[in-house]
1. Based only on the alpha carbon positions, what is the Kirkwood hydrodynamic radius of the stretch 88-227, in angstrom?
2. In whole angstrom, and with the biggest value first, how far do the Cα coordinates of the stretch 305-445 range along each principal axis?
3. In whole angstrom, how far apart do the alpha carbon centroids of the stretch 376-427 and the stretch 254-301 sit?
4. Using only Cα atoms, locate the centre of the stretch 178-209 and the centre of the stretch 67-124, then give the distance between them in Å, rounded to an integer.
5. Post the alpha-carbon centroid distance, the stretch 221-243 to the stretch 332-350, in whole angstrom.
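FYI, it's all coordinate maths here, none of it is from the lab. Not measured: the values here are computed from a predicted model.
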């Protein structure tokens, strides 16, 4: 059954669904099943996987990356191109980074769609209908990829996002949430360091003690990074009704989130400062930052005396951090080299590759405790509370909708209006509701 037929038979169940995960930007249409007989008729359990050619023909695969800092051209070479070439000498990967003229929409329009794509589950991209999505289930069976090795919550998030049991992408690195802190600022004011298991009330009380001016230096107690609405993701709050694509932001729970953000930034001296975009890493005047995985960026600031602890939690959701956020890889429906492309996917999910990434401070998607215990072991750090990342679980992803990107963009402006005192919370949420609905109506037309 083609993916289009699958969509048609499940139309009532998945109407309006596209993506909280950015992999939904690859909504599959018209994907062809693999032509290899071993793939269209996968071997029964207990039989041998299809034999591989002893000397396969050389092939060059294009792989598209978003414009993230951690996947620069050099890092893509080290983390993807070289490991694949070492394991499969006949495969050469050419990387393409998103940018002006090289976004997926640009490549599709120019009939230059890549063979593989990398994206993130919580980033809404500009593409919703590229028709690049390709269900890899037959390739998974034919190549005997054991999905039980992958953390179920990550696969469930992908299936939930697409609205089907088909997997058009697979996770290869998991993000996490944490509270980072500047030990020097705590030491300067004689305040005890934050501890694992704190809730938002605890973090607020610490922030009050550390938001002050001393000897002409202004210190801020707690920064919520670039997206304070991540606090809402801890509660799995939806932005839209998945059935109607209407905004769902004028709720008591979203009001609760904005009240918390407002309360934290209303601490005297803790308000965001214009022109101070990175108070924790660059200005280094923030005592704490609640964020996702920024260990790589922290290590680029060698004079920062830091440590980390668990992300603050809501009282009604103990032990729960930001929602599932994974980097995923998929094969384009237009690729003429799907079998070779799947070898790349398998490489990223191999224990060797996952172990190497884990040692570098990227969280593995595998269940293996042996791999997880090596988290950060190759990093130039000692005595850091790195294991705190395993003491908190990601929240579930709410039911996805086609126009989630529009809603999230509008809500980003909403919290700023509240914190700046331009609007009260109820007005800000009503305005956001109206703005989201209008933009979605326009997008539909």
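1. On the way: mean 1/r = 0.0501 Å⁻¹.
Result for the stretch 88-227 stands at 20.0 Å.
2. Cα spread of the stretch 305-445 along its principal axes, largest to smallest: 51, 49, 28 Å.
3. Between the Cα centre of the stretch 376-427 and that of the stretch 254-301, the gap is 12 Å.
4. If we compute the Cα centre of each part, the gap is 39 Å.
5. 33
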